[in-house]
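See below for the structure under consideration.
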Amino acid sequence: MGINYIYPEFEVVRNDARCIRCRVCERQCSNQVHQYDKDLDLMISDESKCVNCKRCVSLCPTRALKVVKSDCLLRENANWSNDNINEVYKQAGSGGVLLSSMGNPKPFPVYWDKILINASQVTNPSIDPLREPMETKVFLGKKGSDIKHDENGKLITKLPPQLELSMPVMFSAMSYGSISYNAHESLARAATALGICYNTGEGGLHEDFYCYGPNTVVQVASGRFGVFKDYLEAGAAVEIKIGQGAKPGIGGHLPGTKIVGDISRTRMIPEGSDAISPAPHHDIYSIEDLRQLVFSLKEATEYKKPVIVKVAAVHNIAAIASGIARSGADIIAIDGYRGGTGAAPTRIRDNVGIPIELALASVDKRLRDEGIRNDVSLVVGGSIRSSSDVVKAIALGADACYIATAALLALGCHLCRTCHTGLCNWGIATQKPELVKRLNPDIGSERLINLMNAWRHEIKELMGGMGINSIEALRGNRLMLRGVGLNEKELEILGISHAGE
Amino acid sequence: MRQLEGQIRIPSGCAISAVISRDGRRMTGEKIIESLKPMHDRSNGLGGGFAGYGIYPRYKDYYALHIFYNDDLCRTECESYLRTNFVIVQAEIIPVRKMPAITNEPLIYRYFAQPLPSMLMTWQLDEDDFVARAVMEINTHLEGSYVFSSGKNMGVFKAVGFPEDVGVYYKLDEYEAYSWTAHGRYPTNTPGWWGGAHPFSLLNYSIVHNGEISSYDANRRFIEMFGYKCTLQTDTEVIAYITDFLLRRQKLTLEETASTIAAPFWSTIERRPPEEREKLTYLRTIYSNLLITGPFSIIVGFEGGLMALNDRLKLRSMVVAEKDDKVLIASEEAAIRAMEPDAAHVYAPAGGEPVIVKVKDGAY
Ligand code: SF4
Ligand code: SF4
């Protein structure tokens, strides 16, 4: 049985009457879909290679192109979907684990879309953000709850280190290696201009980017790539990455072919060697080990920087978070199962972990039940798509949100979900110089700044509507939320009432 | 079945007023009742109440517990709880004037009591903590019993009705206090339950409040981490607990408490001198969830003084005036004029600026 043919998923439709044979599509497509046939004076396409990233469609000067979903499907079957069947074919052919990228695309419920936000009417006034101050500044870090006075009765005003953000959003971890130099530069410059932070991911910090240190979260992951004293000292905060929403429980693998030049230097591993991040940290087999790593990082940074512990949202997340809070961490970052990734085994991405909305609600509640919510800040990620998702997350109990996919979209990503091929036509998830240069960091950072400014305006509008003029009065304010179409159990976990109640 | 206060959250508008003598001179409740008459339209007959300080000189060392009971069965149950935890030196029905305007009365009792020393030992709590705990216990676990006043030498009197009637009903003309606060309520629903009226009080702190705070659930969920239970779902209740937490448990000053719950904007903080800036930043950061937003004007009563405070945008009216040794505070100037027609120095304090009035030391 050698026949292993899967009909292409997409169809490239070219309006020949419009095509001027400029061959832009041919030059732009790193997947080599388009080709010019000289003899026939015709553009032809090999659709089997198309990933539907829309690069050619966007650049075709005469709008001659469109890429549509192919209708050549297998016989319809509600149980055996086309995807299920094709994946079996692929694995029967290759014997390998299926790989995918970006977040879980399956039709699981998106709780953000089933939560509605309140507004003031009559009994209290809404506040106009154009006329009145509206504050979005947040401080992340351990606060504690008991105030101390010195022997003269004066307040002791010393707080553990805090991460100050002008708005409750940060760019989440994406390593140099998984994304390009230009993408990193765009993120770093935007974070600095905005007064927020971006995150190095587990690939180390490129020497050119140390100047953005005050707006950088440096990550320490299981492979410890690029970690040394200067690196830890460069950042505004240190993040220990235990897990990631797209692939809880497994490590990472950047193939040796991508470990070239700068990347090898930044990761501090030889060129051409695979960068393998083990699934667990081999010095953390239990919660007490985590405490030791937290404190060794604090020692190394002289207790001047908050330590973040990032975990994937898994079934027992409330207990895990409570353990992390007691391990000395200043901030807990939780990544939901819809979080993006540069590459993950498909089965894991699509089947492991839980939604961030539920994880956040139960962690926030648990920490309050235990009376330790003020000992730690909560940052959530794993598909925060808009300013209203941010507002809902804050009202459920988060201190801030991590965004990554939304930031990449601002940089031009078209969510084709093939980052793992390294052929990103938009210059983001690639290391090929000719592709990387397609992303101009001047434009990239400006677009990120625009996006965040737009969100900030919208957050203020939503807050003003609720009669709230400071983001801290929104945090954990679940009375401002109502559910629609959720069952009793879901409402109970989210800790909100149903609309109409 | 219609839900009672506590099972649902009922927004309210309101009238507040207060009078205090800095010399500690006692005043009967007549004047404060007068103050509410011109503000009649700020209430809708669904709640009114008063707090008086210095009213129980004879029992000033005892906690005065004012309790509503649904019936005698509840009373028996609660009294047996009280007897196992307190020495009660006096138990009585709070005297009232029956009137057609006030109906549906619960049983209203008052007890002068001290915690049993053996109980303090067992729980390893100081007196105030013990009493606060007992109040939470009764209000959350003994159905049909509700402690609405628990301070020393002070008392809260409240009911469903117009406040001017409530004052007459409780015979406030027969009590003398160096400081009075009062409240008329305009709830949007019919709470039908006396416990929901204001002031709201815990130990010596009492709160009257006008407004609907938009930060309610953020404040509630934070303060509940520290052993408080918000059973009424009202703003006033949560503000009372915050006040108790900051003033009594964290030992903040009144000014510091005001800068926590009505914290200045960051832009204002940045312009302050370094030492003050550091303190304001500290308070706003450590207790960021105790920032109260949305409209409010509150008067906090405590032993020997009052503090009036507006939200930082001043979204609710509140004026202050003086007359001799007295300071008068109310939602409207008309209310002040009703108490003292020629009161002077009438002014409206700025949003977030606390007005703190204290009785001379030793005069209360
Ligand atoms: S980019 Fe458009 S016009 Fe140019 S060759 Fe391709 S299809 Fe034709
Ligand atoms: S980053 Fe590039 S490869 Fe990855 S999904 Fe976006 S467009 Fe596709």
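The numbers here are math on the coordinates, done by the rules we state, and not lab data. Remember, predicted model here, so these are calculated numbers, not experimental data. Glycine gets a Cβ as well: all are built from the backbone with ideal geometry, and neighbour counts include every protein chain shown.
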Q. Taking every residue in B:218-228, how many Cβ atoms of other protein chains lie within 10 Å of its Cβ, on average?
A. 5
Q. What is the local net charge at A:SER470, summed over the other residues whose Cβ is closer than 12 Å to its Cβ (Lys, Arg +1; Asp, Glu -1)?
A. +1
Q: Counting helices only, and only those DSSP H runs with n ≥ 4, report the 222 nm mean residue ellipticity of the protein assembly as shown as the sum of -39,500 (n - 2.57) divided by its residues, in deg cm²/dmol to the nearest 500.
A: -8000 deg cm²/dmol
Q. Which residues does a label at A:LEU99 reach in the stretch A:312-348, if reach means a backbone N under 14 Å from a point 7 Å past the Cα toward the Cβ?
A. A:341-347
(Q) I'd like to compare B:124-133, A:194-203: which one has the highest average count of other Cβ atoms within 10 Å, and what's the full order after that? (A) A:194-203, B:124-133
(Q) About the Cα centre, and with charges only on the beta carbon of Lys, Arg (+1) and Asp, Glu (-1), how big is the dipole of the stretch A:390-501? Nearest 20 debye, please. (A) 340
Q. Where does chain A land on the Kirkwood hydrodynamic radius, alpha-carbon pairs, in angstrom?
A. 24.2
Q: Enter the mean number of other protein chain beta carbons within 10 Å of the beta carbon of each residue in A:128-135, as an integer.
A: 2
Q) Can you list the lysines whose alpha carbon sits under 20 Å from that of A:LYS489, skipping same-chain ones fewer than 8 residues off? A) A:LYS114, A:LYS365, A:LYS392
(Q) If I take the Cα coordinates of the stretch B:15-358 and project them onto the principal axes, what are the three extents in Å, biggest first? (A) 59, 48, 40
(Q) Less than 13 Å Cβ to Cβ from B:GLY161, Lys/Arg counted +1 and Asp/Glu -1: what total charge do the surrounding residues give? (A) +1
Q. What is the packing order of peptides B:204-213, B:144-153, B:271-280, taking the mean over residues of other C-beta atoms within 10 Å and listing the highest first?
A. B:204-213, B:144-153, B:271-280
Q | Calculated FRET efficiency for the pair B:THR140/A:VAL260, C-beta based, R₀ 60 Å, to 0.05 | A | 0.35
Q: Find, among the trypsin sites (Lys or Arg not before Pro) in the stretch B:44-120, those assigned to loop by DSSP (not H, G, I, E, B) with at most 13 other beta-carbon atoms within 10 angstrom.
A: B:ARG97, B:LYS98
Q) So how strong a dipole does the protein assembly as shown carry about its Cα centre when Lys and Arg Cβ are +1 and Asp and Glu Cβ are -1, to the nearest 20 debye? A) 1580
Q) Along the stretch A:106-114, what does the Karplus equation 6.51 cos²θ - 1.76 cosθ + 1.60 (θ = phi - 60°) give for ³J(HN,Hα), rounded to whole Hz, x for Gly and Pro? A) 6, x, 7, x, 9, 5, 3, 7, 10
Q.
Taking beta carbons within 10 Å but only from partner chains, what does the mean come to for residues B:276-288?
A. 5
Q | Degrees, to the nearest 10: A:287-300 long Cα axis against longest axis of chain A | A | 80
**Q.** Whole-number percent relative contact order across the stretch A:10-96, with pairs defined as alpha carbons under 8 Å at least 6 apart
**A.** 33
Q: Please work out, to two decimal places, the log10 of the ratio I(q)/I(0) at q = 0.11, 0.12 Å⁻¹ from a Debye calculation in which every Cα of the stretch A:317-417 carries one identical scatterer.
A: -0.35, -0.42
Q: Could you let me know the centre-to-centre spacing of the stretch B:291-341 and the stretch A:137-192, using Cα atoms, in angstrom?
A: 39
Q: Please list the equivalent ellipsoid semi-axes of the protein assembly as shown, computed as the square roots of five times the alpha-carbon gyration tensor eigenvalues, in descending order and whole angstrom.
A: 62, 27, 25
Q: Work out the FRET efficiency for B:LYS360 and A:SER48 from their Cβ-Cβ distance, taking R0 = 56 Å, and round it to the nearest 0.05.
A: 0.05
Q. Shape call for the stretch A:86-163 from the C-alpha gyration tensor, a ≥ b ≥ c root eigenvalues: rounded (a/c under 1.5), prolate (a/b greater than b/c) or oblate?
A. oblate
Q.
Could you give each residue of the stretch A:190-206 its phi-based ³J(HN,Hα) in whole Hz, using Karplus coefficients 6.51, -1.76, 1.60 with θ = phi - 60°, and x for Gly or Pro?
A. 5, 4, 5, 5, 8, x, 10, 10, 10, 9, 5, x, 8, x, x, 10, 4
**Q.** Convex hull (Cα only) mean projected area of the stretch A:4-142, reported in nm² to one decimal
**A.** 18.5
**Q.** Reach of A:LYS54 by Cα under 17 Å, taken over lysines that are not fewer than 8 positions away in the same chain
**A.** A:LYS66, A:LYS69
Q) Counting alpha carbon pairs within less than 8 Å and at least 6 residues apart, what relative contact order, in whole percent, applies to chain B? A) 26
Q | Cα lying deepest toward the dipole's positive end in chain A, options A:ILE250, A:VAL376, A:VAL484, charges on Cβ | A | A:VAL484
Q) With charges set only on the Cβ (+1 for Lys and Arg, -1 for Asp and Glu), what does the dipole of the stretch A:10-96 come to about its Cα centre, in debye to the nearest 20? A) 440
Q) From the phi of every residue in the stretch A:429-438, what ³J(HN,Hα) in whole Hz does the Karplus formula 6.51 cos²θ - 1.76 cosθ + 1.60 yield, where θ is phi - 60° and glycine or proline is x? A) 8, 7, 10, 6, x, 5, 7, 4, 5, 5
**Q.** Separation between Cα centres of the stretch B:145-181 and the stretch A:73-130, rounded to whole Å
**A.** 59
**Q.** Label zone at A:LEU232 (point 7 Å along Cα-to-Cβ), backbone N below 16 Å, the stretch A:323-342
**A.** A:328-330
(Q) Between A:GLU302 and A:ILE117, how high is the FRET efficiency from 1/(1 + (r/R0)^6) when r is the Cβ-Cβ distance and R₀ = 51 Å? Nearest 0.05. (A) 0.75
Q) Using alpha-carbon positions, what is the distance between the centroids of the stretch B:60-101 and the stretch B:238-254, in Å? A) 26
Q. For the pair A:TYR285 and A:ASN316, how long in nm is the line joining their label points, each one 7 Å along Cα→Cβ?
A. 1.7
Q.
Is the C-alpha gyration tensor of the stretch B:58-186 telling us rounded, prolate or oblate? Criteria: a/c under 1.5 is rounded; beyond that, a/b larger than b/c is prolate, otherwise oblate.
A. prolate
(Q) Please list, short to long, the whole-number percent of alpha-carbon pairs of the stretch A:130-208 in consecutive 5 angstrom bins beginning at zero. (A) 3, 12, 17, 15, 14, 13, 9, 8, 6, 3, 1, 0
Q: Assuming a ≥ b ≥ c are the square roots of the Cα gyration tensor eigenvalues, decide whether the stretch A:362-488 counts as rounded (a/c under 1.5), prolate (otherwise, with a/b larger than b/c) or oblate.
A: prolate
Q | Extension gain from B:ASP41 to B:LEU120, taking 0.36 nm per residue of separation minus the Cα-Cα distance | A | 23.8 nm
Q. Between A:MET268 and B:LYS229, how many nm apart are label points set 7 Å from Cα along the C-beta direction?
A. 5.4
Q) How much length is gained on full extension from A:ASP37 to A:ASP150, taking 0.36 nm per residue of separation minus their Cα-Cα distance? A) 32.3 nm
Q. Based on the mean of other beta carbon atoms within 10 Å per residue, what is the order of B:351-357, B:311-317, most packed first?
A. B:311-317, B:351-357
(Q) Run the simple label-point estimate for A:GLN292 and B:LYS251 please: 7 Å along Cα→C-beta, distance reported in nm. (A) 3.9
